[in-house]
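Each reported figure results from applying straightforward, stated rules to the coordinates on display, with no laboratory input. Please read all numbers here as calculations on a predicted model, not as lab measurements. All Cβ positions, glycine included, derive from the backbone under ideal geometry; neighbour counts span all protein chains shown.
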Amino acid sequence: MVEIFFEDDNKRAAAYDEGKLIGESTFSPKDDIWVIDHTFVQNDYRGQDIAVKLVNQIVITARERGKKIIPLCPFAKKEFDKKEEYRDLLAK
């Protein structure tokens, strides 16, 4: 079973399958803004919405901590374009 974790020390949301890292979405913190710069899921796990869940985990944590987001990574940008509920977190 795939589990998603937010990892402060690694500045990412990470996906694990039985302890094996299978995907991540990373961000760079800049003051009160998190720049999502990379999202990746191993080929064997694509098509399971894992990347969607990774970006969502960063969104949830950013909202809890009062951060704004710049979705620089093309996948994250697509998620922000698609999901109106994320738009309040967009950095101006």
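Using the average count of surrounding beta-carbon atoms within 10 Å as a protection proxy, the listed peptides 43-53, 81-91, 13-23 rank, highest first, as 13-23, 43-53, 81-91.
When only Cα pairs under 8 Å and 6 or more residues apart are kept, what is the percent relative contact order across the chain?
Relative contact order of the chain: 24 percent.
Using θ = phi - 60° in the Karplus curve 6.51 cos²θ - 1.76 cosθ + 1.60, the 3J(HN,Hα) couplings for the stretch 76-84 round to 4, 4, 4, 5, 5, 5, 7, 10, 4 Hz; x is entered for Gly and Pro. Each label was represented as a point 7 Å from its Cα along the Cα-to-Cβ direction; for residue 5 and residue 88 these points are 3.0 nm apart.
For the stretch 1-53 versus the stretch 60-80, the spacing of their alpha-carbon centroids is 12 Å. The smallest convex shape that holds all Cα atoms of the chain, its convex hull, gives 93 Å³ per residue.
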